[in-house]
Amino acid sequence: MREVAVPVAFGALAGLRLERPGRPKLIALHGWLDNAASFLPLLPHLPGLDLLLLDLPGHGHSAHLPPGAEYGLTTHLHAVLDAADALGWEHFGLLGHSMGAAIAALVAAAVPARVERLALLETLGPLAEAEEHTATRLQQAVAAARGRPGKSLRVFPDLAVAVRARIQASPIGESGARLLVERGTREVDGGPVWRSDPRLTLPAATRLTEAQVRVLLEAVTCPVQGLYADPAQPYFPDAVRRGRLDALPQARLEVLPGHHHLHMDQPAAVAAVLARFLAG
């Protein structure tokens, strides 16, 4: 495993690369405010794969977007394709967790001829919203963006405090939280601070409707393996996630008891579901 950097228009996309020529090619996409270390606990339990664990724009060691630019799912979609192009990969599989799973599904819908298989953890497609909330969402997003300048990043006294803060943000084991924090912070005067771009916390100005999401999922032509934790996340209830699975032509689902970061907390159990699928 080695650090890599892919030049792009706004800087460089960072990631962790495990080269295994001749093996199935796979790009792994982490969740919101996580980073490439999200998949490290899973790797010892997976078969030999030619791997890129990507830090999405504004996350981990990847460059932040320039001032005035906004993060969106299509920004991340192009980052995935830029990384694949830089590796010379015309065809590849995608493994995504949470936001990374939403991005992976959009990539497969946008360029179905290039994506060979999708393994999606805890999310299937982007978050949706009823159309009557459109104006309110736009107003809130603009107000949040215009009020952001001048806000400073939290500086932690040491790494242990940052790890505890990450655990409090969402249920995750201490070892997994430490992996994310070690890659996701940098040292400044006074202690570690998050590397991620603060603009990632701003609300999206628009969201698709559920009907639009399902139309996009219908465009995914490759095999899909979904894996969800039980209980479901409040923002992605079981009825919605199973309904979206029905929109996919080739999909199957497994459900495991656990929390949102089940691939970090239960890597062996998750790998038992994914291994044969990812190996093709």
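General remarks:
- Candidate set from the stretch 1-58 (those that are open to solvent by 10 Å² or more (accessible area, probe 1.4 Å) and aromatic (F, W, Y)); member that is nearest to L127 (Cα to Cα): W32
- Subset of the stretch 135-168 [open to solvent by 80 Å² or more (accessible area, probe 1.4 Å) and either assigned to a helix (DSSP H, G or I) or in contact with a Cys (Cβ under 6 Å, 6 or more places away or on another chain) (or both)]: L138, Q139, Q140, R146, R164, Q168
Yes or no, residue by residue, for (1) in a strand (DSSP E or B); (2) exposed (fewer than 14 other Cβ atoms within 10 Å of the Cβ); (3) β-branched (V, I, T):
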position	(1), (2), (3)
V181	no, no, yes
T221	no, no, yes
L227	yes, no, no
R241	no, no, no
A271	no, no, no
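- Scanning the stretch 1-56 for residues that are in contact with a Ser or Thr (Cβ under 9 Å, 6 or more places away or on another chain) and part of a loop (DSSP other than H, G, I, E, B) yields H30, G31, W32, L33, D34, N35, P41, D55, L56.
- Scanning the stretch 258-269 for residues that are assigned to a helix (DSSP H, G or I) and open to solvent by 20 Å² or more (accessible area, probe 1.4 Å) yields D265, P267, A268, A269.
To keep it simple, each residue is scored yes or no on (1) open to solvent by 40 Å² or more (accessible area, probe 1.4 Å); (2) among the aromatic types (F, W, Y); (3) free of Cβ contacts under 8 Å to residues at least 40 places away in the same chain.
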site: A83; (1), (2), (3): no, no, no
site: V107; (1), (2), (3): no, no, yes
site: L120; (1), (2), (3): no, no, no
site: P126; (1), (2), (3): no, no, no
site: E129; (1), (2), (3): yes, no, no
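- Taking the stretch 184-208 as the range and being in contact with a Lys or Arg (Cβ under 8 Å, 6 or more places away or on another chain) and either under 13 Å from L33 (Cα atoms) or open to solvent by less than 20 Å² (accessible area, probe 1.4 Å) (or both) as the test, the residues that pass are G184, T185, P192, V193, W194, R195, P198, R199, L202.
- Given (1) of a type outside the set (K, R); (2) under 26 Å from H91 (Cα atoms); (3) assigned to a strand (DSSP E or B), index of the condition V255 fails: (2)
- In the stretch 23-35, the residues that are at positive phi form Cβ pairs under 7 Å with partners that are open to solvent by 10 Å² or more (accessible area, probe 1.4 Å), at six or more places apart or across chains, as follows: L33/S196; L33/L200.
- Unique residue being over 14 Å from the mean Cα position of the chain (by Cα), closer than 20 Å to D265 by Cα and not aliphatic (A, V, I, L, M) when the list is P21, P44: P44
Conditions (1) touching a helix residue (DSSP H, G or I) at 6+ places or on another chain (Cβ under 6 Å); (2) at pLDDT 95 or above, marked per residue:
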{"position": "W89", "(1), (2)": "no, yes"}
{"position": "L94", "(1), (2)": "yes, yes"}
{"position": "M99", "(1), (2)": "no, yes"}
{"position": "P112", "(1), (2)": "no, yes"}
{"position": "E116", "(1), (2)": "no, yes"}
{"position": "A119", "(1), (2)": "yes, yes"}
{"position": "A128", "(1), (2)": "yes, yes"}
{"position": "Q140", "(1), (2)": "no, yes"}
{"position": "A145", "(1), (2)": "no, no"}
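- The lone criterion from (1) out of contact with any Leu (no Cβ under 6 Å at 6 or more places or on another chain); (2) surrounded by 14 or more Cβ atoms within 10 Å (Cβ to Cβ) left unmet by A101 is number (1).
- Scanning the stretch 235-272 for residues that are of a type in the set (S, T, N, Q) and within 13 Å of L121 (Cα to Cα) turns up just one, Q266.
- Scanning the stretch 59-71 finds one or more residues that are farther than 21 Å from M264 by Cβ, part of a loop (DSSP other than H, G, I, E, B) and open to solvent by less than 30 Å² (accessible area, probe 1.4 Å).
- When residues in the stretch 229-239 are screened for being open to solvent by less than 40 Å² (accessible area, probe 1.4 Å) and either over 27 Å from R276 (Cβ atoms) or assigned to a loop (DSSP other than H, G, I, E, B) (or both), 2 of them pass.
The values are calculated or read from the model by the stated rules, or taken from the named source; none is laboratory data. This one's a predicted model, so the numbers in the text were calculated from it and none came from an experiment. Neighbour counts are summed over all protein chains in view; Cβ atoms, including those assigned to glycine, are modelled from backbone coordinates with ideal geometry. Ligands, DNA and RNA are excluded from the accessible area calculation, which covers all protein heavy atoms including side chains. Shrake-Rupley method; radii C 1.70, N 1.55, O 1.52, S 1.80 Å.
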